[in-house]
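Report on one structure; see the data block that follows.
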């Protein structure tokens, strides 16, 4: 009768595995504590109605989660968040891919161009927000002054202070700041593509567009998926840039999920409800991540069949 499979092998190899687990256990425990405790505390807080001014907490059960379904401001915020995330991702990945193709060319001075294109990403976010607010100021900002002279904006208007343009302006600034990261990831992946593929394509008469669509893009698929996951989660919960640019205004026109949670917790002192919103968002992200992982695994299995 065959014995049941074990996780650890026997003999010297098994001792090495157990030693490895023993060395990794403290770090794994510390990581689980640092990661798990805030999640647990957030969910526990969501079960209470808490008042920061008095310090009193009343057990509310799932009442805070039920209130999410009737919160019209939250629905509007979720719409803004989806627009913010999708357009920011599309712009960052599209511009990042174009920049990667540019810096991959062997032109004179390309080393300096690569360094210049990294500037938006290495500038601290607070400096980015302050500079853009200065350039978009309705009275002395260079960008707003030109837009006013062209008749795009009214005199003294600031795109960040207009309900119709505040979110779009914040998205454009976020694209400008985030595209260098995508550029680096795409360019790094392009360095691993076998150049013999391009040489064979040229022999077969393929032009630059055919090389891009049949060689470059397929080889960048894994980098694209990684960027969609990493930048998607980061952009969805990005707080600093939106808050520094618009504070979610005017009149909530650029409110995203992260700024909404902050406003509810620190502005309205509804900590329990803010924790419920954060917990629901975390559950959604976890479910979306699990679904994406399952789809990727299924596609991988089909390719190997």
Are any residues in the range 249-271 loosely packed, with under 14 Cβ neighbours inside 10 Å and assigned to a helix (DSSP H, G or I), and if so, which ones? 266, 267
Applying the selection to the range 126-155, what residues are crowded, with 16+ Cβ neighbours inside 10 Å, touching a helix residue (DSSP H, G or I) at 6+ places or on another chain (Cβ under 8 Å) and part of a helix (DSSP H, G or I)? 128, 129, 132, 133, 143, 144, 147
The one condition residue 272 fails out of (1) more than 30 Å from residue 189 (Cα to Cα); (2) within 17 Å of the chain's Cα centre (by Cα) is (2)
So residue 296 ticks every box in (1) in contact with a helix residue (DSSP H, G or I) (Cβ under 8 Å, 6 or more places away or on another chain); (2) assigned to a helix (DSSP H, G or I); (3) modelled with pLDDT of 85 or more but one. Which box is left unticked? (3)
From the option list 286, 291, 274, single residue qualifying as modelled with pLDDT of 90 or more, out of contact with any strand residue (DSSP E or B) (no Cβ under 9 Å at 6 or more places or on another chain) and either surrounded by fewer than 20 Cβ atoms within 10 Å (Cβ to Cβ) or under 30 Å from residue 129 (Cβ atoms) (or both) is 274
Of the listed residues (170, 182, 251), the one being touching a residue at least 24 places away in the same chain (Cβ under 8 Å), under 24 Å from residue 125 (Cα atoms) and more than 22 Å from the chain's Cα centre (by Cα) is 251
Here are the criteria: (1) outside any loop (DSSP other than H, G, I, E, B); (2) touching a helix residue (DSSP H, G or I) at 6+ places or on another chain (Cβ under 6 Å); (3) in contact (Cβ under 8 Å) with a residue 60 or more places away in the chain; (4) over 26 Å from residue 56 (Cα atoms). Tell me which single one residue 277 does not satisfy. (4)
For the range 53-67, give me each residue that is exposed (fewer than 14 other Cβ atoms within 10 Å of the Cβ) and either in a helix (DSSP H, G or I) or in contact with a helix residue (DSSP H, G or I) (Cβ under 6 Å, 6 or more places away or on another chain) (or both). 66
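The values are calculated or read from the model by the stated rules, or taken from the named source; none is laboratory data. Computed from a predicted model, the values in this text were never measured in an experiment. Heads up, the Cβs are rebuilt from the backbone with ideal geometry, glycines too, and the neighbour counts pull from every protein chain shown.
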